[in-house]
1. Label Val63 and Ala39 with points 7 Å out from Cα along Cα→Cβ: what is the distance between them in nm?
2. Rank by packing, highest mean first: peptides 53-61, 157-165, 92-100, with packing defined as the count of other Cβ atoms within 10 Å averaged across residues.
3. What accessible surface, in Å², does a 1.4 Å probe find on Asp80, ignoring ligands, DNA and RNA and rounding to the nearest 10?
4. Summing +1 for each Lys or Arg and -1 for each Asp or Glu, what net charge is found among the other residues whose Cβ lies under 13 Å from the Cβ of Ala174?
5. How do the peptides 70-77, 138-145 rank, highest first, by the average count of neighbouring beta carbon atoms within 10 Å per residue?
6. Residues with amide H under 5 Å of Thr160's amide H, sequence separation 5 or more or different chain, H placed in the peptide plane at 1.01 Å from N; which?
7. Using 0.36 nm per residue of separation minus the Cα-Cα distance, give me the extension gain between Ile46 and Asp229 in nm, one decimal.
8. Compute the length gained on full extension between Leu221 and Leu111: take 0.36 nm times their separation in residues and subtract their Cα-Cα distance, giving the result in nm to one decimal.
Amino acid sequence: MKYLAKYKIILLLSFSIFLMGCASMNNSQEDPFESMNRAVFNFNEIIDENIMEPVARNYRRFVPDPIEMVVGNVFSNANDVVVTANSILQLNFESAAVSATRFLINTTFGLFGAIDIASDISQASDLNISKRNEDFGQTMGRYGVASGPYLVIPFLGPSTVRDAVGRGVDTLVAHPVTTIIYLDSIDVLDTAVRTPVAAGMAIDARAQLLDVDKTLEEAALDKYEFVRDAYLQRRDSLINNEDVELKD
């Protein structure tokens with residue numbers, strides 16, 4: 001298993017170098033792969049309408065709100081590891097300290113993140129330890145790596161070449177649930193545990209988007225263009241640190 005993990009890391013790095021070369025190309029046209037992207041977008045819409053959305057709605061319907069909140073808090077707490085690592089890479093030590101503090105407080109006193117005590121402390125005091133939002137795509141952007149063309153990834157949705165690399169690095173190297181790093185040949189989390197947990201993360205994330213579905217349908221004459229433009233604007237805002245805190 002240790003050798004397999006090393007092989008995956010080498011493969012990921014090689015693929016990342018290739019994609020980074022694509023991202024460094026002239027990007028005057030943000031969506032040169034539009035025809036392919038629209039086909040993938042339509043495929044994702046079919047999967048979402050027939051699988052993800054019904055599952056998310058049943059999850060919202062049958063899971064009590066307190067439990068749903070606890071699940072979301074646990075996943076958010078795990079993500080603080082990713083935020084901390086990328087904040088350090090960006091030399092943004094304030095964000096790194098905040099995210100590390102959040103993870104420490106919520107893991108130790110919040111029952112492994114089930115209770116978001118850090119956000120409660122931030123709201124009740126002058127200590128600002130609100131949730132931050134940093135990922136490896138932003139890290140590369142902060143160091144001048146071009147976003148590259150817009151991409152729609154099967155099952156995952158909107159991205160860019162740079163963000164696709166960043167998502168792969170965060171998922172396979174930094175995230176405590178989905179990481180492929182092994183310590184002393186012992187898997188940090190067994191695959192039998194990680195797979196359903198990762199599925200739970202996807203369902204929880206989709207459930208959180210249910211409230212915006214109707215608004216999106218009503219607002220967008222062309223849903224594909226609306227999602228693309230909103231995604232690119234949001235990413236530019238995050239990379240320029242115009243949105244320092246991620247509001248709960």
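1. The modelled label-to-label distance comes out at 3.5 nm.
2. Ranked from most to least packed, the peptides come out as 157-165, 92-100, 53-61.
3. 0 Å²
4. Values: positive: Arg167; negative: Asp80, Glu134, Asp135, Asp170.
The answer is -3.
5. 70-77, 138-145
6. Here Leu151 satisfy the definition.
7. Working: separation 183, 0.36 × 183 = 65.88 nm, distance 2.11 nm.
Between Ile46 and Asp229, full extension yields an extra 63.8 nm.
8. Result: 35.1 nm gained on full extension.
The values are calculated or read from the model by the stated rules, or taken from the named source; none is laboratory data. In this text, all values refer to a predicted model and were calculated from it rather than measured experimentally. As a convention, Cβ positions derive from the backbone with ideal geometry for all residues, glycine included, and neighbour counts pool all protein chains shown. We work out accessible area using only protein heavy atoms, side chains counted, and drop any ligands, DNA or RNA first. Shrake-Rupley method; radii C 1.70, N 1.55, O 1.52, S 1.80 Å.
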